Amino acid sequence: DAEEWAVLLAEFHVLRLAAAQLEVVFAEQRVADYPRFAAAARQALGTADAPTDTALALDAELRHVLVDEFQDTSEAQVQLLAALTAGWQHGDGRTLFLVGDPMQSIYRFRNAEVGLFLDIRDRGLGDLALEPLTLAVNFRSTVPVIDWVNTCFEQVLPKDHDVLRGAVSYAPSVARPEAGADGG
């Protein structure tokens with residue numbers, strides 16, 4: 001209603017003032033937090049339509065990008081990665097290698113979204129198509145442990161991925177050939 005809208009507009013105004021004051025404090029103390037560094041990095045690259053000199057210099061030099069633990073990537077990090085790889089073409093000798101296990105996503109508290117992992121795996125990043133690979137051999141456990149985990153988690157996790165909910169289906173694993181049959 002009108003009263004709630006007035007409160008919301010006031011909060012927007014206060015938020016703008018607080019953000020501006022935070023920038024003043026950062027400048028005075030010559031410090032910044034992670035979101036500020038991330039925003040500065042994205043800003044330094046410009047846009048796909050209007051790349052900065054920094055973006056053009058990086059584009060000429062950057063040949064390979066590897067991102068580990070990609071399942072714990074935030075929207076801001078994906079935007080930065082998309083800006084770094086804007087203009088890359090299939091077969092141009094540059095590689096983007098994203099490593100992650102969506103079943104191990106644990107950083108939602110810092111805005112990581114496993115749904116981003118699932119979406120990019122399936123649809124690519126910008127104009128870059130990706131080739132998803134699923135590793136299935138478990139090198140850390142014995143056969144009884146792997147069998148128990150497969151049986152248990154196949155029942156607990158959803159049958160299909162749901163990008164919007166960040167729901168990840170279970171991908172079973174197999175023991176390495178020389179894995180022991182003892183333990184459990």
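The values are calculated or read from the model by the stated rules, or taken from the named source; none is laboratory data. Since the model is a prediction, treat every value here as computed from it, not as a measurement. A quick note on method: Cβ atoms are made from the backbone with ideal geometry, for glycine too, and the neighbour counts reach across all protein chains shown. Heavy atoms of the whole protein, side chains included, go into the accessibility calculation; ligands, DNA and RNA do not. Shrake-Rupley method; radii C 1.70, N 1.55, O 1.52, S 1.80 Å.
Brief remarks on what is shown
- For the chain, the antiparallel share of DSSP beta bridges with both residues in that region comes to about 40%.
- Label-point separation, residue 89 to residue 133 (7 Å along Cα→Cβ), nm: 2.6
- Inter-label distance for residue 34 and residue 153, nm, one decimal - labels placed 7 Å from Cα along Cα-to-Cβ: 2.4
- Helical segments meeting 24 Å axial Cα length and Kyte-Doolittle 0.5 threshold in the chain (DSSP H): 2-29
- Per-residue ellipticity at 222 nm from helix content only, as computed over the chain with -39500 (n - 2.57) for each DSSP H run of at least four residues, stands at -14500 deg cm²/dmol.
- The residues of the chain present an accessible area of 72 Å² per residue when probed at 1.4 Å with all protein chains retained.
- Loop-resident sites, the range 108-158, for chymotrypsin sites (Phe, Trp or Tyr not before Pro), counting at most 11 other Cβ within 10 Å (DSSP): 139
- GNM result for the chain, Cα springs below 10 Å: residue of 160, 119, 72 fluctuating most strongly: 160
- Label reach from residue 162 (point 7 Å along Cα→C-beta): in the range 87-115, amide nitrogens under 14 Å belong to 115.
- Among 129-135, 64-70, the peptide with the highest mean count of other Cβ atoms within 10 Å heads the list, and the full ranking is 64-70, 129-135.
- Cα shape, the range 9-129, gyration tensor, a/c 1.5 rule: oblate
- Take the Cβ atoms of residue 56 and residue 26, set R0 to 35 Å, and the FRET efficiency comes out at 0.80.
- Computed over the chain with a Gaussian network model linking Cα atoms closer than 10 Å, the most mobile of 22, 96, 80 is 22.
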